[in-house]
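Engineer: The structure follows.
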Amino acid sequence: MKILRVLVILSVLLITLDSYAANRITHFFKLYSNKTTVLDFKQTSINAMSGQKIERTGILTIKAKKSMIFDYKNERVIINDFEAVDYRDSKKYTYKLTGFNKVLFLLFLGKEDINSLFDIKKMQSGYELTPKYKSNINKVYTYFKDGQIEKLIIVDIYSNRTIYEFYAADCKRTQSGD
């Protein structure tokens, strides 16, 4: 009887912790969806089959309730709730909003509650998100520091990873908003 009571208490505690984690991460991302924000970042893409690693740096501009603009040295990617538009080599490429781009949009600007889109678990130093919707994304790991996004890791069903590390640049622009 005591074991059963302990198990019930533990399960209630776990549900409460997961609920707290979901509310906390929702709060963090809502801050980005309600104001225009500029973040400097380093992006590392790792191919699981070949081990190839591609690193790039850039500036991410989150336009409140509208779009995300990734500015790289020779490329600009604009993500809105319908598509991803890639301007590269004086050409324009338009893609349906799926995979990595869809996850980024849903987290930073999505109109739906993050809790309805992802199962959220608190980890020791961050949060693990599993999409509830049909996706080629397996997991998303988010890490915050002082209430601001520090690192985001997106892993697809083939174990390919894209890692975004947000950092403080020399200028005062990083993690700033209107």
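Engineer: Pairs Lys42/Lys63; Lys53/Lys111; Lys63/Lys122; Lys30/Lys132: which exceed 30 Å Cα-Cα?
Structural biologist: Lys53/Lys111
Engineer: Moving on to the next point. May I ask you to derive the FRET efficiency for Asn115 and Lys145 from their Cβ-Cβ distance with R0 = 25 Å, giving the value to the nearest 0.05?
Structural biologist: Here the calculated transfer efficiency is 0.65.
Engineer: Now, a different point. Over all alpha-carbon pairs of segment 16-166, lay out the pair-distance distribution in 5 Å bins, whole %, shortest bin first.
Structural biologist: Values per bin, smallest distances first: 2, 9, 18, 23, 24, 15, 6, 2, 1, 0, 0.
Engineer: Right, something else. Could you give the length gained on full extension between Asn47 and Tyr158, defined as 0.36 nm per residue of separation minus the Cα-Cα distance, in nm?
Structural biologist: 39.1 nm
Engineer: Work out, step by step, the length gained on full extension between Lys96 and Thr26: first 0.36 nm times the residue separation, then minus their alpha carbon distance; give nm to one decimal.
Structural biologist: So the chain would gain 22.7 nm between Lys96 and Thr26.
Engineer: Between Lys122 and Thr57, what is the label-to-label distance in nm when each label sits 7 Å out along the Cα-to-Cβ direction?
Structural biologist: Inter-label distance under the simple model: 3.5 nm.
Engineer: Would you please give the FRET efficiency between Asn136 and Arg76, computed as 1/(1 + (r/R0)^6) with r the Cβ-Cβ distance and R0 = 22 Å, to the nearest 0.05?
Structural biologist: 0.35
Engineer: Based on the alpha carbons, how large is the Rg to Rh ratio for segment 32-99 when Rh follows Kirkwood?
Structural biologist: Answer for segment 32-99: 1.00.
None of the figures in this text is laboratory data; all of them are computed from the coordinates on show. A quick note: this is a predicted structure, and the numbers were derived from the prediction, not measured. Every residue, glycine among them, receives a Cβ derived from its backbone with ideal geometry; neighbour counts consider all protein chains shown.
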